[in-house]
Amino acid sequence: MDGNGRWATNRGWPRLVGHRKGAERVKEIVRSAPDFGIRWLTVYAFSTENWKRSTEEVLGLMSIFTRYIEREADRIAADGVRMRFIGDRSRLDAKLQRLMEGIEARTAGLTRLNLTVAINYGGRDEILRTVRALAEDVAAGRLAPEAITDAMISQRLDTHGLPDPDLVIRTSGETRTSNFLPWQAAYAEYEFTEMLWPDFTPAALGEIVARFGNRERRFGGVISA
């Protein structure tokens with residue numbers, strides 16, 4: 001969900017105004033996603049690299065995350081949305097962690113849409129944590145190195161229990177993946193759009209999903225004639 005800060009700066013406003021507008025856009029996309037046949041949606045809210053931003057912006061973002069959960073919990077539950085989080089929570093504020101755990105528990109049985117929010121998430125960090133955990137098991141004699149499989153690694157990632165993404169959308173004109181789900185998105189289709197995230201409407205999502213539906217996906221194989 002890239003481009004919030006630039007959206008605000010282009011209008012002469014503080015960057016946090018853009019982040020607040022971006023949060024409003026998340027609400028719209030979450031509500032509309034099931035209408036396009038989307039049952040699994042993951043949004044990249046805060047990366048492990050985003051701590052490099054100014055203290056004011058980081059604190060502002062954390063405040064936005066907190067308010068979003070507090071204010072949207074009832075609507076999310078009423079809309080049948082199951083909400084989960086991926087990333088390293090240990091660095092997050094204790095109140096935010098409690099809110100995250102609370103809404104995960106509250107929505108655990110809902111199925112209309114599975115919403116995953118990546119906070120303090122980085123693909124390399126996720127893989128590093130997984131490799132360290134496997135190494136500890138090997139060192140303790142609980143696991144043989146030759147027994148490690150790609151399925152076992154997937155089960156140890158933050159996204160265990162979630163399907164691999166079919167489609168990754170990057171907004172704001174940037175054409176890099178920015179450390180987002182590198183293991184899981186190995187065979188995902190990608191869409192890069194010039195739109196800044198606050199301008200990314202449900203209609204824009206619908207157009208991209210329609211194009212995705214026309215793609216031929218081979219997963220390294222060949223489609224038989």
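Taking every residue in region 110-123 that is closer than 11 Å to residue 30 by Cβ and pairing it with any residue that is outside any strand (DSSP E or B) and among the small types (Gly, Ala, Ser), at least 6 positions away or on another chain, the pairs with Cβ-Cβ distances below 6 Å are 112/80; 113/33. Taken over region 175-204, the criterion of being more than 16 Å from the chain's Cα centre (by Cα), part of a loop (DSSP other than H, G, I, E, B) and exposed (fewer than 13 other Cβ atoms within 10 Å of the Cβ) is satisfied by 175, 187, 194. Within the span defined as region 11-27, every residue fails to be touching a helix residue (DSSP H, G or I) at 6+ places or on another chain (Cβ under 6 Å), within 26 Å of residue 125 (Cβ to Cβ), part of a helix (DSSP H, G or I) and among the β-branched types (Val, Ile, Thr). Put simply, of 45, 33 the only residue that is surrounded by 13 or more Cβ atoms within 10 Å (Cβ to Cβ), assigned to a helix (DSSP H, G or I) and not acidic (Asp, Glu) is 33.
For region 156-173, which residues satisfy the criterion of being charged (D, E, K, R) and surrounded by fewer than 16 Cβ atoms within 10 Å (Cβ to Cβ)? Steps first, please.
Just the residues of region 156-173 that are charged (D, E, K, R), to begin with: 156, 158, 164, 166, 170.
Residues satisfying the conditions are 164, 166.
Beta carbons closer than 6 Å, at least 6 apart along the sequence or on distinct chains, pair a first residue in region 201-213 that is in contact (Cβ under 8 Å) with a residue 60 or more places away in the chain with a second that is in a helix (DSSP H, G or I) and not hydrophobic (A, V, I, L, M, F, W, C) for 202/28; 202/32.
Where a number appears in this text, it was derived from the coordinates with a stated rule and is not lab data. Small disclaimer: the values here were computed from a predicted structure and weren't measured. Reconstructed Cβ throughout: ideal geometry from the backbone, glycine too, with neighbour counts over all protein chains shown.
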